[in-house]
1. Kindly put B:F160, B:F80, B:F12 in sequence by how many other C-beta atoms sit within 10 Å of each C-beta, fewest to most.
2. Taking the Cβ of each residue in B:E204, B:E29 as the centre, tally the other Cβ atoms inside 10 Å and list the residues starting with the fewest.
3. Tell me the angle of helix A:197-226 to the major Cα principal axis of chain A, expressed in degrees between 0 and 90 and rounded to the nearest ten.
4. To test your reading of the geometry: what angle, between 0 and 90 degrees and rounded to tens, separates the Cα axis of helix B:235-253 from the longest principal axis of chain B?
5. When DSSP beta bridges are limited to those with both residues in chain A, what percentage is antiparallel, rounded to the nearest 5?
6. Take chain A, connect every pair of alpha-carbon atoms lying under 10 Å apart with a spring to form a Gaussian network, then pick out the residue of A:D161, A:D55, A:D26 with the largest mean-square fluctuation.
7. Give, as a single signed number, the net charge of other residues whose beta carbon lies under 13 Å from the beta carbon of A:L48, with Lys and Arg counted +1 and Asp and Glu -1.
8. Please compute the average number of Cβ atoms from other chains found within 10 Å of each residue's Cβ in peptide B:163-173.
Amino acid sequence: MKRIDGRKADEMREMSAKAGIIPRADGSGYFQIGKTVAYAAVYGPRNLYPKFLQDPQKGILRVNYNMMPFSSKGERVRPGGNRRSKELSLVIEKALLPVVNLNEFPNAVVDVFIEFPQTDAGTRCAGICAAAIALADAGVSMRDLVGAVSTGKAGDSIILDLNYEEDSAENGADIPVAMTGRKNEITLLQMDGKLSLEELQEAIQLAQKGIAQIIAVQRKALQEKYHE
Amino acid sequence: MNKDLRAHTIRFLEAGTRYDGRKPLEYREISVEYGTVKNAEGSCRVKIGDTEVITGVKLVVDKPYPDTPDKGSLMVGAEFLPIANPDFETGPPGIAAVELARVVDRGIRESGAIDVHKLCITAGEKAWTVIIDICTVNDSGNLLDASALSAIAALQNAKFPEYTNGQIHYGKLTDVPLPLRDLPIEVTVFKIGKSYLVDPTIDEEKIYDARLTVAISRGGKICALQKGGDGPLFEQDIISMVEIAMEKQNELREKLEGEHE
């Protein structure tokens, strides 16, 4: 089976990643997959206000997802966020939470801001990939990296890393998945479309193959910064 | 809190130097990258030292304003994104972002940079609106000059999308550029104590007395001004600061395509 852009079913788009691209931030990451580009910056651990939000047992992770107004393929995106960006901020936060050792900074907050100058499907996954690099770059205590990719269905085949056309195709399915690098713990799973249980299993296994490649790219980006 | 920083900075400036080794009227390295964002009709990335902005142009078709039925319009927005500075927050633009966007807007509007008559499709019914969005990536000082330069570069880079039967086909760009007649450059000159400087760092931005942003057209005319900061300026300050801006604008202008000699 051949895909719209000529890829094989289990082939990812071309990727690149960098660590430490935003000098003002405590940590930052850049992750590009195909034409989707994500910047992530981490500020903190820092004091959390208003004070009643503070937790003396553990710190708080706070994620904000935002598309730049000119980033979308179609019309301008009105700045300031919407219901979609709120939900994505939430699911990205939950995707990262299991690897961050929050108990090491009680009363504090780690802010993760994710911005997209250019999008072409798979933004929440690219955002998670950039954010994991940024958290590691910031020196926030973590027990693993997290990678994410979307799998989906086109015709009768399960395919890896959907592009915009595949994502918006009718009768398809879109399944974003995030996993930790070492134990393949699933920290994000969403799905829309129609799928059998067997197909879901195949999709998760395919995602795992893709995420292994992503983790390698993330690791290389961090090593490149810190080996100098 | 910044009293000592201010005293040291003034002593440095009076000796003709700054913390990072620059002279008072010296910019950091400036770079302009065109076409950074594939989904925008025009875009660029501008860096001044570590300061970085990404700016995009989107074109939409709107009904012209009733008082200018044969003209298109311009809209400039600035997003001080929280990735760029620990003090920037999510939410609607704060006063600094609003001021910056309006100062950039005035430079473009008042220089007549865009021939808005040529943006008209059908008088009274349809005209193009040019929307410039400035997004900060890293704020290491002088977002104002970086943003103003990026707005002009993004305009230069923009191409009209295909427009047929009242429909815009985003993603299918024609090779028709925007009708540009001028390329205004904005230079902001700062006064700290008795000294003037350009291209401030974050620290210098914390302790300045007054600033003056000067927009200068290609022909060397002043086309917009904005005085900022808590302190006052004398007439002689204004003259000196405009003279500095007139001289420094060439350094920024030559980073633009087609503007170097």
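Just so it is clear, none of the values below were taken in a lab; they were calculated from the coordinates. These numbers come from a predicted model, not from an experiment. Glycine also receives a Cβ, built like all others from the backbone with ideal geometry; neighbour counts cover every protein chain displayed.
1. Ranking B:F160, B:F80, B:F12 by Cβ neighbours within 10 Å, fewest first, gives B:F12, B:F160, B:F80.
2. B:E29, B:E204
3. On a 0 to 90 degree scale, this one is about 50.
4. 60
5. Numbers: 37 of 45 bridges.
Percentage antiparallel, nearest 5: 80.
6. Maximum among the listed residues: A:D55.
7. Details: positive: A:R46, A:K51, A:K58, A:R62; negative: A:D55, A:D111.
Overall, the nearby charge balance is +2.
8. Values: counts 0, 0, 0, 0, 0, 2, 1, 5, 3, 0, 0.
For this peptide, the per-residue mean of nearby foreign Cβ atoms is 1.
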